[in-house]
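Here is the structure we will look at, set down as structure tokens.
The values are calculated or read from the model by the stated rules, or taken from the named source; none is laboratory data. Note that this is a predicted model, so its numbers are computed, not measured. Cβ placement follows ideal geometry from the backbone for every residue including glycine, while neighbour counts extend to all protein chains displayed. Side chains included, ligands, DNA and RNA excluded: accessible areas come from the protein's heavy atoms. Shrake-Rupley method; radii C 1.70, N 1.55, O 1.52, S 1.80 Å.
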Amino acid sequence: YSLCNAFQWIQYGSINNIFVRFYDVSAFAIDWLSMSYMLIYIPLLFPVAWLLDKRGLRLIALAGSALNALGAWVKLGSLKPHLFPVTVLGQVICGLAQVFILGMPSRIASVWFGSHEVSTACSIAVFGNQLGIAAGFLVPPVLIPNVDDVEKLAYHISIMFFMTAGVASALFILVIIVFKEKPPNPPSRAQALIQSRPTEEYSYMQSILRLLRNANFLLLMITYGLNVGCFYALSTLLNRMVIHHYPGEEVNAGMIGLTIILSGMVGALISGIWLDKTKTYKQTTLVVYIMSLVGMIVYTFTLSLGHLWVVFVTAGSLGFFMTGYLPLGFEFAAELTYPESEGTSSGLLNVSAQIFGIAFTIGQGQIMDHFGAKAGNLLLCSFLFLGTVMTAFIKADLRRQQANLENEQT
């Protein structure tokens, strides 16, 4: 259901120019449809993370998948050019659903999986979100051709909206039937310790304050925000960038987005397995960050060469490291902040990513309008460089590993 929600995030951005014409609004207004996801997340993270701690995984999964389906059905009421506000409402409801989804991967991994498979489980759960973004790049340009007739355009858009609503509803029903709270027995010693702690000992506000006093976690929070914020801006503005240099290539713009995500999924899976094998959190995070920066620089200077295949190669290598970084950040945070809730630590990482994502999307969009795509991409390069330097200063204080080791010894 993370896949379905992420698809709805990028379905407008991947054919930005077509929706601009259909609704007769500015490109910036369409950018806001994907930025609304980021904006909604920031104030609602804390109430939802509190709910996750107090009420558990099942309630969160039910609420999120219900909102996801509702948003998809609302969008079906926006199939006329003057009904842009209805599509905004549908997107806002889907944005609400995303608040419930993003904190779940690391929590599900910890609650359901043992210490030797927890990082792999988290990276596979993050996969769903990435697959959705991949589908969001691939499907809309194929389903909705760039035709002049508004009636025809409305028909093609309705097919996409109906398909999404059908899938979202089926997923909601599956969550009701299948999704369980937790396994009968804790899968790891670290999880057993958390579950045996008396509930009155745990204060949610105290937990957040402890996280914000943890210097290593704060550094990780900023560097994670810089990296993932760059990824959000790149995804949102990709269609505009590619169409600027290669007019009429909407389908290929979607395919380039797909390449970024698919190679990133391979990167995410490899980094998850690597972490479970080696436990080298700091070193792996730093190497992946440096390679994200290198990939971004290469992509920036090859985009305007006039060869689409070059863009595919450079975008693919950029995605491998940039998206591969997502589960690394979640797992490193869970290590640095144990025994705090993974939902809270990954939530704070996501808030950081959303804030930087909005800033970078607006900043890069404005720079692209006035100075061209290369200047916009150079902005992202400079922030990735800053993030790389800051990552080098994070100390590898692996508390969850320590808890598992101590318990094995006793």
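Only one of 79, 96 is in contact (Cβ under 8 Å) with a residue 40 or more places away in the chain, of a type in the set (A, V, I, L, M, F, W, C), farther than 14 Å from residue 7 by Cβ and not in a helix (DSSP H, G or I). Can you tell me which?
Working: 96 fails: not in a helix (DSSP H, G or I).
Among 79, 96, only 79 is in contact (Cβ under 8 Å) with a residue 40 or more places away in the chain, of a type in the set (A, V, I, L, M, F, W, C), farther than 14 Å from residue 7 by Cβ and not in a helix (DSSP H, G or I).
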Just to verify a result, which residue in region 24-54, among those that are crowded, with 21+ Cβ neighbours inside 10 Å and small (Gly, Ala, Ser), is nearest to the chain's Cα centre (by Cα)?
34
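What about residue 21, is it open to solvent by 10 Å² or more (accessible area, probe 1.4 Å), over 30 Å from residue 366 (Cβ atoms) and in a helix (DSSP H, G or I)? If you could, list the steps in order and put the result at the bottom.
On the way: open to solvent by 10 Å² or more (accessible area, probe 1.4 Å): yes; over 30 Å from residue 366 (Cβ atoms): no; in a helix (DSSP H, G or I): yes.
Judged against the criteria, residue 21 is not a match.
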Is there a residue being charged (D, E, K, R) and in a loop (DSSP other than H, G, I, E, B) anywhere in region 151-166?
no
Which one is nearest to residue 242 (Cα to Cα), of the residues in region 279-317 that are β-branched (Val, Ile, Thr), part of a helix (DSSP H, G or I) and open to solvent by less than 50 Å² (accessible area, probe 1.4 Å)?
311
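In region 52-65, what residues are modelled with pLDDT under 85 and of a type in the set (A, V, I, L, M)?
So the first thing to find is which residues in region 52-65 are modelled with pLDDT under 85, and the list is 52-56.
Selection gives 52 alone.
Out of region 236-254, which residues are in a helix (DSSP H, G or I), surrounded by fewer than 23 Cβ atoms within 10 Å (Cβ to Cβ) and in contact with a Leu (Cβ under 7 Å, 6 or more places away or on another chain)?
As a first pass, look at region 236-254 and keep what is in a helix (DSSP H, G or I): 236-245, 250-254.
Imposing the further condition that a residue be surrounded by fewer than 23 Cβ atoms within 10 Å (Cβ to Cβ) reduces the set to 238, 240, 243-245, 251-252.
Hits for region 236-254 are 245, 252.
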Take the residues in region 114-134 that are crowded, with 20+ Cβ neighbours inside 10 Å and more than 12 Å from residue 327 (Cα to Cα); name whichever of them is modelled with the lowest pLDDT.
115
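Regarding residue 346, is this residue more than 12 Å from residue 400 (Cβ to Cβ), in a helix (DSSP H, G or I), among the hydroxyl-bearing types (Ser, Thr, Tyr) and open to solvent by 10 Å² or more (accessible area, probe 1.4 Å)? Quick ask: steps written out before the conclusion?
Working: more than 12 Å from residue 400 (Cβ to Cβ): yes; in a helix (DSSP H, G or I): yes; among the hydroxyl-bearing types (Ser, Thr, Tyr): yes; open to solvent by 10 Å² or more (accessible area, probe 1.4 Å): no.
Spelling it out, it is not the case that residue 346 is more than 12 Å from residue 400 (Cβ to Cβ), in a helix (DSSP H, G or I), among the hydroxyl-bearing types (Ser, Thr, Tyr) and open to solvent by 10 Å² or more (accessible area, probe 1.4 Å).
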